[in-house]
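First comes the structure, then the notes that go with it.
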Amino acid sequence: KVNKICEKSDNGKFIFNGRKGDVDIPLICLPIFPFLNLKKDIFCSFMGRFDTHLCRSKMWESLKNIQNIKFFNSVNFEQYCNIINRSIFTLAPRGYGYTSFRIYEAILGESIPIYIWEDKKVLPFNDEINYEDFCIIIHSSEVNKLPSILKSINTDQKRENLKKIKDKFKIKGIVDYIVKKL
């Protein structure tokens, strides 16, 4: 029996398709993602699965042959942290849910997240912060435009803006936000 908030995708996997909540909070997991202060020597990266939502396979098809966008096979957490911390931009397509852990991990690693959304745009703290200041937000139907968009970005300014809001995405910032919303 299929839950009504899920639907089967073309590859037979179930995709979350439920109602958006009243308050969006960041997806976080343990261990908390570390900032390693590494040299940013990767222009744009993605490491993860392509079968958790159709927009991820669209992303792969559109960007797989772009020279300065690197796709990595899944590796251990330490290598994953290293790659995000070395990346100027991190692709963060939605997954099973409307958003991705990767957005928040990129923020904590001071890598500019590229949130690729499809059905619903879900960004926590959007009543308090302007994501356009530190993030690239793009619908999956426009992913093919991403290489030209990235060329026009002032990365220094985006990263400075990202550093200003970074603490909101740490445990204390998230708990404070939840308590305020309650």
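The values are calculated or read from the model by the stated rules, or taken from the named source; none is laboratory data. If you're wondering where the values come from, they're calculated on a predicted model, not measured in any experiment. With ideal geometry, Cβ positions are generated from the backbone for all residues, glycine too; neighbour counts draw on all protein chains shown. Protein only, heavy atoms only, side chains kept; ligands, DNA and RNA dropped before computing areas. Shrake-Rupley method; radii C 1.70, N 1.55, O 1.52, S 1.80 Å.
Residues that are of a type outside the set (S, T, N, Q) and farther than 14 Å from I116 by Cα: does region 139-149 have at least one? No; the residues of region 139-149 include none that is of a type outside the set (S, T, N, Q) and farther than 14 Å from I116 by Cα.
Of the strands (runs of 3 or more DSSP E) that lie entirely inside region 53-164, those containing 1 or more residues that are free of Cβ contacts under 8 Å to residues at least 60 places away in the same chain, within 25 Å of I25 (Cβ to Cβ) and among the aromatic types (F, W, Y) span 112-117. Against the conditions (1) more than 25 Å from K70 (Cα to Cα); (2) surrounded by 12 or more Cβ atoms within 10 Å (Cβ to Cβ), L182 satisfies every one except (2).
Evaluated against (1) at pLDDT 75 or above; (2) polar (S, T, N, Q); (3) out of contact with any strand residue (DSSP E or B) (no Cβ under 9 Å at 6 or more places or on another chain), N11 falls short on exactly one condition, (1).
If I filter region 29-39 for residues that are open to solvent by 10 Å² or more (accessible area, probe 1.4 Å) and either in a strand (DSSP E or B) or farther than 25 Å from K168 by Cα (or both), do I get at least one hit? Checking region 29-39: not a single residue is open to solvent by 10 Å² or more (accessible area, probe 1.4 Å) and either in a strand (DSSP E or B) or farther than 25 Å from K168 by Cα (or both).
Tally the residues that are under 25 Å from H139 (Cβ atoms) and within 16 Å of the chain's Cα centre (by Cα), restricting the search to region 29-50.
Step one: list which residues in region 29-50 are under 25 Å from H139 (Cβ atoms), which gives 42-50.
Checking which are within 16 Å of the chain's Cα centre (by Cα) leaves us with 43-50.
Adding up the residues that qualify gives 8.
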